[in-house]
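A.B. asks: A single structure is presented below for examination.
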Amino acid sequence: MRWSIVKPISEFPRVSLGHLPTPLEPLPRLSAELGGPEIWIKRDDCTGLATGGNKTRKLEFLMGQAGADGADTVVTFGALQSNHARQTAAAAARLGLHCVVFLVRKVTYTEPAYQTSGNLLLDDLLGARVEIADDEVALGERLESVRDELRTEGRTVYVIPPGGSNTVGALGYVNCALEIDTQCRELGIEPSAVVHASSSGGTQAGLVAGFAGLQSALSVQGINVTDKDATRIVALVHGLCRETCQTIEIGAVDEKQIRIDHDYLGPAYGIPTDAMREAVKLAATREGILLDPVYTGKAMAGLIGRIRAGVYRRGETVVFLHTGGSAGLFAYRDALTG
Ligand SMILES: *Cc1c(COP(=O)(O)O)cnc(C)c1O
């Protein structure tokens, strides 16, 4: 094994939540349609936890740490249609923990389903206490009063940041890099890049740190789906990646290795774009793969755009990391029909 990370991943507290390893499969019909590289898909939408997704890998380590800290309650944060909140609620249900999710109405997309369906419906079904705030100020106030309540009840709280993106959560994607590396060698493929949606940074930071630890040549290409400020998201991912490298005891990576394409965000986080619609429809009709409007649809739009621009060419292999989110499709009915 080429794993050269000094501190093995098995030394960190972890609980098993995902169906791992997730499949790594070819997408022959989509590849043929685009006429460029051979596209493979890493199915992290199939992690198995209440419709799956990338937060499951992070939660294996976050919940492991919560357990090590003796927590009986987890608190986390997200947008109204947060996939992270939904997977946290599911993990808490499975582990018998009390769960509070604070959701902020920060996405200006309005259709009735967005306010009630998709992930929000599932949070409720999974038994989480859902606290909805109109803005960050209201969130702060609500948080304070709930914190007092939990304290009065004598609960031990473990706080998980938005997206599960700290160094503990990023370990899930260090682990995913290991998994991809092993699978590629088993399958006899040598991809040049792995392309994925980047938002709170834990996925990309963990992957970059993991492949650096493996001394792999594979480049990690994030597609910005969140932040109009390109400099800020690069700095966020780089900072988290540096801390993750320290945690796994490898040398820091250079900022040049934080590759993020900012051309596919559109007007804002959670706002549909035509390229997203095209990507969601192509993946569905050519491969029977369900993407989502907020993350993977824009990430696939990025992969398609980069292939059309000749960045990835015939003869190459690229991996698309499917980070989940299809539960969100139901909150965007109007954007995807007609
Ligand atoms: C959270 C999320 C992402 C982004 O991952 P980060 O680690 O926050 O960058 C991508 N896709 C889906 C479906 C997500 O829910």
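A.B. asks: Using the Cα centre of the range 18-89 as the reference point, and only Cβ charges (+1 on K/R, -1 on D/E), how large is the resulting charge dipole? Debye, rounded to the nearest 20. Please report the intermediate quantities before stating the final value.
C.D. replies: Details: 7 positive and 8 negative charges, 17 e Å.
Dipole about the Cα centre, nearest 20: 80 debye.
A.B. asks: How big is the charge dipole of the chain about its Cα centre, in debye rounded to the nearest 20, if each Lys and Arg gets +1 on its Cβ and each Asp and Glu gets -1 on its Cβ? Display every interim value, and only then the final one.
C.D. replies: Values: 33 positive and 39 negative charges, 124 e Å.
Here the size comes out at about 600 debye.
A.B. asks: In the chain, what percentage of the DSSP-assigned beta bridges are antiparallel, given to the nearest 5?
C.D. replies: 10
A.B. asks: With a cut-off of 18 Å, note down the residues of the range 85-112 whose backbone N falls inside the zone around a label point 7 Å from the Cα of Asp229 toward its beta carbon.
C.D. replies: 106-107
A.B. asks: Express in nm, to one decimal, how much length is gained between Gln246 and Asp274 on full extension, taking 0.36 nm for each residue of separation and deducting their alpha carbon distance.
C.D. replies: Full extension from Gln246 to Asp274 adds 6.1 nm.
A.B. asks: Got the relative contact order for the range 22-123 handy, in percent, Cα pairs under 8 Å and 6 or more residues apart?
C.D. replies: It rounds to 22 percent for the range 22-123.
A.B. asks: Set the Förster distance to 35 Å, then compute FRET efficiency between Ala68 and Val137 from the Cβ-Cβ distance, nearest 0.05.
C.D. replies: E(calc), rounded to 0.05, equals 0.55.
A.B. asks: Counting helices only, and only those DSSP H runs with n ≥ 4, report the 222 nm mean residue ellipticity of the chain as the sum of -39,500 (n - 2.57) divided by its residues, in deg cm²/dmol to the nearest 500.
C.D. replies: My calculation for the chain gives -13000 deg cm²/dmol from helical runs alone.
A.B. asks: Could you check the spin-label model distance between Gln257 and Leu121? Points 7 Å from the Cα along Cα→Cβ, value in nm.
C.D. replies: With each label point 7 Å from Cα toward Cβ, the separation is 4.3 nm.
A.B. asks: With the Cα gyration tensor of the range 8-84 giving a ≥ b ≥ c as the square roots of its eigenvalues, does the rule (a/c under 1.5 for rounded; else a/b larger than b/c for prolate; else oblate) give rounded, prolate or oblate?
C.D. replies: prolate
A.B. asks: Can you put Glu243, Glu144 in order of Cβ neighbours within 10 angstrom, beginning with the fewest?
C.D. replies: Ordered by Cβ neighbours within 10 Å, fewest first: Glu144, Glu243.
A.B. asks: Quick one: compute the contact order of the chain, relative version, from alpha carbon pairs under 8 angstrom and 6+ residues apart, as a percent. Write down the numbers at each step before the final one.
C.D. replies: Values: 706 pairs, mean separation 79.6, N = 338.
Dividing the mean separation by the residue count of the chain yields 24 percent.
A.B. asks: Continuing with this model, one more query. Need the list of lysines near Lys55 for cross-linking: C-alpha distance under 25 angstrom, and skip anything on the same chain fewer than eight residues off.
C.D. replies: Partners found: Lys7, Lys42, Lys106, Lys228, Lys281, Lys298.
A.B. asks: As I understand it, the dipole of the range 256-338 uses +1 on the Cβ of Lys and Arg and -1 on the Cβ of Asp and Glu, about the Cα centre. Which of Val294, Gly305, Gly338 lies farthest toward its positive end?
C.D. replies: Result: Gly305, furthest along the dipole toward the positive end.
A.B. asks: On a C-alpha basis, how far is the centre of the range 273-322 from the centre of the range 91-161 in Å? Whole number, if you could?
C.D. replies: About 31 Å separates the Cα centre of the range 273-322 from the one of the range 91-161.
Here, each number is a calculation from the coordinates, and none is a lab measurement. Because the structure is a prediction, the values reported are computed rather than measured. All Cβ positions, even for glycine, are placed from backbone atoms using ideal geometry, and neighbour counts span all protein chains on display.
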